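Report on one structure; see the data block that follows.
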DNA sequence: TCCTTAATTCGGAATATTCTGAAATATCAT
DNA sequence: ATGATATTTCAGAATATTCCGAATTAAGGA
């Protein structure tokens, strides 16, 4: 695929960005490419466009699928797999959040629960240290539970809730901080 | 500092965890150590306890401070700096979120704005591709703006809002999905 | 079946990150 | 100032990650 200058810099920025969020550059770039392309692309074309090895594309695509950010499609008369990006950003963000919760938060909660259980036979640990570990466990569990609840809302309700939050904030906060905003005015 | 078995595994888990979230192992472990310790520790003791180089502690501490997760304190009759972890997890989470927004989201928004501006002189890019880039820009800007609004709420209000969200979710969602929860029942 | 093309796996090269230890710098008491 | 202790900097060693390309496996036709 032929990249215009802007498409190229978009993809490069995403590469940077992705690596800060625990994806690697190639993975992030492939998502960015499919996202701007807006049309399904076969793996070899992705490799050609981004100038990376075909095998690297294969691996990266597996990872993107595990995040639920791309889907496999097919074109008639073409045996190759083609891939499209999820372009609805709400959905994409939710997929990432789900995956991170499942992969990182949930196991951490379990690990902490394990610590707490072990702590009962650890006579070298102080009560207050155990209390702090418990505080962390409870915090994560509460946050995770809240997330699951909210996650089940239909998107429309969620949007309402979010706008509500922003509105409450705008009504409540300015009294305290009349400091002028420097952003160019959002929304 | 003498670590009990549970404290040790707590710290090790955090090390793992941290690296998934873009911190390095040492940084995460130091935070974990200070968190369980609950008491200010000098850098050399941190190094000794975690068995890492003193210089590594120095660097990692600078990073933790940049995230706002630890503070420098002093003990009378001791010239050394001592460090304590922020133990309020709400506060800690907010600090991390603030920092990530500032370091990662905001620059990305700017980069996307740059792309959009450049796109006006890029005659090789399609209209729909520009529209998708704009969609991403707007999405991030909206999310960022919302975050800022909510962030300014006093913690008590925020907690209310969150509980409200969870309640709305619980009232609305189950009708659609009567599938039983498998968690042990939170809260 | 056999041949062609697509996709994946995997050893190790290339690259990037983290960590150490020595040297430099800073801080404070005498 | 001088010395003692604390902290930071930084070059390069140690480690971890990413990436390539050759080899392998899979999937279709003919």
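Read the figures in this text as sums done on the coordinates, not as results from a lab. If you're wondering where the values come from, they're calculated on a predicted model, not measured in any experiment. In this analysis, Cβ positions are derived from the backbone assuming ideal geometry, glycine residues included, and neighbour counts consider all displayed protein chains.
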_Suppose we take every Cα in the range B:76-115 and form the convex hull; what volume per residue is that in Å³?_
84 Å³
*Using alpha carbons only, how many degrees (0 to 90, rounded to 10) separate the axis of helix B:25-37 from the longest principal axis of chain B?*
60 degrees
*asked:* Assume the label is 7 Å from Cα along Cα to beta carbon: what separations in nm does residue A:95 have to the matching positions in the other copies?
replied: 3.5
*Compare B:17, B:164, B:136 in a GNM of chain B, Cα atoms joined below 10 Å, and give the one with the largest fluctuation.*
B:164
*How much mean residue ellipticity at 222 nm does chain A get from its helices, if each DSSP H run of length 4 or more adds -39500 (n - 2.57) and you divide by all residues, to the nearest 500 deg cm²/dmol?*
-21000 deg cm²/dmol
*Rel. contact order, % - alpha carbon contacts under 8 angstrom, at least six apart, the range B:47-156*: 16 percent
*Point me to the residue of chain A whose C-beta lies closest to the A-onto-B rotation axis, rounding the distance to whole angstrom.*
A:22, 3
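What relative contact order, as a whole-number percentage, does chain A give when Cα pairs under 8 Å and 6 or more residues apart are counted?
Computed value for chain A: 13 percent relative contact order.
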*asked:* At 7 angstrom along the Cα-to-beta-carbon line, where would the label on residue B:114 sit relative to the other copies? Give the distances in nm, shortest first.
replied: 4.3
*asked:* Quick check: the angle from helix A:89-100's long axis to the longest principal axis of chain A, C-alpha only, nearest 10 degrees?
replied: 60 degrees
*Dimensions (Å) - chain B, Cα atoms, principal axes, largest first*: 66, 51, 30
*Can you list, shortest first and in nm, the gaps between the label point of residue B:80 and those of its counterparts in the other copies, using a point 7 Å from Cα in the C-beta direction?*
6.1
*Overall form of the range B:42-149 per C-alpha gyration tensor (a/c, 1.5; a/b vs b/c)*: prolate
_Quick check: the angle from helix B:5-20's long axis to the longest principal axis of chain B, C-alpha only, nearest 10 degrees?_
30 degrees
